[in-house]
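Right, one structure below, let's go through it.
The values are calculated or read from the model by the stated rules, or taken from the named source; none is laboratory data. In this text the structure is predicted, and so the values were computed from the model without any measurement. Heads up, the Cβs are rebuilt from the backbone with ideal geometry, glycines too, and the neighbour counts pull from every protein chain shown. Areas reflect the complete protein model, heavy atoms only, side chains present, ligands, DNA and RNA absent. Shrake-Rupley method; radii C 1.70, N 1.55, O 1.52, S 1.80 Å.
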Amino acid sequence: MSVWDYKPWWCQPWSILLTGVSIIGGSWFLFHRYWVTGLVAVPILVWMGFFLLVYPRLMAEAGALPEPPDIPTPDNLPKI
């Protein structure tokens, strides 16, 4: 099970990356200034790093995700 299975479409890894890249690229497109784009990019990259790298690991380590169901194998099938 993955933390992303419980998140809506707008909170999926692809949407987080797309939003972050769009905001950073938009700041460059609007202002054409490295320092403005840098000021925009730093918090966005921290936000993306947290939600894409740290948050899923914390959820897994905290045990907040349910265990995946057992997949039937010949060893764990009920005996008749």
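Its residues counted as N, the chain yields a C-alpha radius of gyration over 2.2 N^0.38 Å of 1.71.
When the helix-only estimate is applied to the chain (DSSP H runs of n ≥ 4, each -39,500 (n - 2.57), divided by the residue count), what is the mean residue ellipticity at 222 nm, nearest 500 deg cm²/dmol?
Estimated from H runs of four or more residues: -17500 deg cm²/dmol.
Pick out, from VAL21, GLY38, LEU52, the residue whose Cα sits farthest towards the positive end of the charge dipole of the chain, with +1 on the Cβ of Lys and Arg and -1 on the Cβ of Asp and Glu. The residue sitting most towards the positive pole is GLY38.
Ordered from largest to smallest accessible area (heavy atoms of protein chains, 1.4 Å probe), the residues MET59, MET1 come out as MET1, MET59. For the stretch 3-20, putting each phi into the Karplus relation 6.51 cos²θ - 1.76 cosθ + 1.60 with θ = phi - 60° gives couplings of 4, 6, 5, 9, 9, x, 4, 7, 10, 9, x, 5, 6, 5, 5, 4, 5, x Hz, in residue order, rounded to whole numbers and with x for Gly and Pro. Summing Cβ point charges (Lys, Arg +1; Asp, Glu -1) relative to the Cα centre of the chain gives a dipole of roughly 380 debye.
One chain, two ends: SER15 and THR73. Fully extended at 0.36 nm per residue, the span grows by 17.2 nm beyond their Cα-Cα distance.
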